[in-house]
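One structure is given below, encoded as structure tokens.
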Amino acid sequence: MKMQFDSLFEMMEAFPDEQSAIDHLRAIRWGNDNETAHCPHCGSTRVMHFKDRKNHKCSDCRKRFSIKVGTIFAESKIPLRKWFMAIWLITSHKKGVASTTLAKDIKVTQKTAWFMLHRLRHASRTPSFNRKLKSPVEVDETFMGGKEKNKHANKRLKAGRGPVGKDVVWGALERTGEFRAFHIPTLRGVAKVVKAHVEPWSTVITDEYAGYKGLSKHFHHQTVNHSAGEYAHTGNYYHTNSIEGAWSHIKRQIYGIHHWVSSKHLHRYLSEMTWRYNRRESGEGQRVNLLLESISGRLTYKELIA
């Protein structure tokens, strides 16, 4: 049976043992009466359930499996109760949680906690954005990374000012909907990125960056001239304050919690942050269940560090 809870204490009371956590995960994936039970190996719906309530067997391919097979929990020796605690922490804390803190809180090694968090970030990813954003949409870009002057002399890049040596992150925020952010190699072609994610003739609000010139051919393009001290106009309707607020959430997590994020894994952290930002109005326990609904698909350690 799918459980409801509003605090970490209530969640752990709801799952006093490992079997109760297994039952909850099964209810999330298959429904309270196993109405959508299926084999993770062949997809068959002819599934037999053993009396131990832990194992199942496919009547077609004859393979045995647990509810964790085919998910981010596959082959994990960490109890589901600890996984649930990790999910609570990563979905409830506005700035996420560091692997060192998680390791101490649930009694695992830092390496294990780091891998667990990346599996949860894998679950929070959005494989494709099929729906285009609609008016009004705020579009902006930001840069992640340290200053060149703070690096060792032999690692500094030339012209160490501005975005040199930093990762470029582009984002779009639909004021009545969702926030999207991507790690992109360069700011060149950002106009094409806007076209890919925003409904034609929607109101698009940007700063004065030259890369957005020409958007007026496809959108109702409005700009805010930050360099001239302008931050809003037309009754404070045209502004990019909302997406800049979202950037502040992301940067406070990276610099305040993790201190540094590699270019290789930046997209995973962005998935976590945007997932949580887009569900900030949901209840605490509801966010846990929402993430549990998207745990399909494995992420192996070998793949993560490749």
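Bear in mind that the values in this text are calculations on the coordinates, not laboratory data. It should be emphasised that the depicted structure is a prediction, and the values quoted were computed from it without experimental measurement. When we count neighbours, we look across all protein chains shown, and the Cβ atoms used for this are built from the backbone with ideal geometry, even at glycine.
Annotations
- Shown in residue order for the range 41-49 are the 3J(HN,Hα) couplings computed by the Karplus curve 6.51 cos²θ - 1.76 cosθ + 1.60 at θ = phi - 60°: 8, 10, x, 5, 9, 8, 10, 9, 10 Hz (x for Gly and Pro).
- Calculated diffusion of the range 1-143, Stokes-Einstein form, Kirkwood radius summed over Cα pairs, 10 °C and 1.306 mPa s, µm²/s: 91
- Note on S262 and R298: with the Förster distance fixed at 25 Å, the Cβ-Cβ geometry gives a FRET efficiency of about 0.70.
- Against the empirical 2.2 N^0.38 Å (N residues), the range 191-297 has a Cα radius of gyration ratio of 1.32.
- Distance between the pseudo-spin-label points of L8 and R64 (7 Å out from Cα toward the beta carbon): 3.6 nm.
- Filtered trypsin sites (Lys or Arg not before Pro), the range 219-264: DSSP coil and at most 14 other beta carbons within 10 Å: K264
- DSSP-assigned coil residues among chymotrypsin sites (Phe, Trp or Tyr not before Pro) in the range 35-115, each with at most 11 further Cβ atoms within 10 Å: F50
- In a reduced charge model with +1 at each Lys and Arg Cβ and -1 at each Asp and Glu Cβ, the chain shows a dipole moment near 1380 debye about its Cα centre.
- Under 5 Å between amide hydrogens, built in the peptide plane, is the criterion, and for T203 it picks out S135, V137, H220 among residues at least 5 positions away or on other chains.
- Degrees between helix 18-30 axis and first principal axis of the chain (Cα, 0 to 90, nearest 10): 60
- Whole-number percent relative contact order across the chain, with pairs defined as alpha carbons under 8 Å at least 6 apart: 21
- Placing +1 on the Cβ of every Lys and Arg and -1 on the Cβ of every Asp and Glu, with nothing else charged, gives the range 179-271 a dipole about its Cα centre of roughly 460 debye.
- Fewest-first ranking of S282, S99, using other Cβ atoms within 10 Å as the exposure measure: S282, S99
- The Rg/Rh ratio for the chain is 1.03, where Rg is the radius of gyration of the alpha carbons and Rh is the Kirkwood radius.
- Loop-located GluC sites (Glu not before Pro) in the range 232-306, at most 12 other Cβ atoms within 10 Å (DSSP): E281, E293
- Length gained on full extension, T36 to K134, computed as 0.36 nm times the residue gap minus the Cα-Cα distance: 31.9 nm.
- For the range 1-80, the fraction of alpha-carbon pairs lying more than 15 Å apart is 58 percent, rounded to a whole number.
- Where only DSSP H runs of four or more residues are counted, the chain gives -10000 deg cm²/dmol as its mean residue ellipticity at 222 nm, each run worth -39500 (n - 2.57).
- Look at the alpha carbon pairs under 8 Å that are at least 6 residues apart: their mean separation over the length of the range 137-274 gives a relative contact order of 24 percent.
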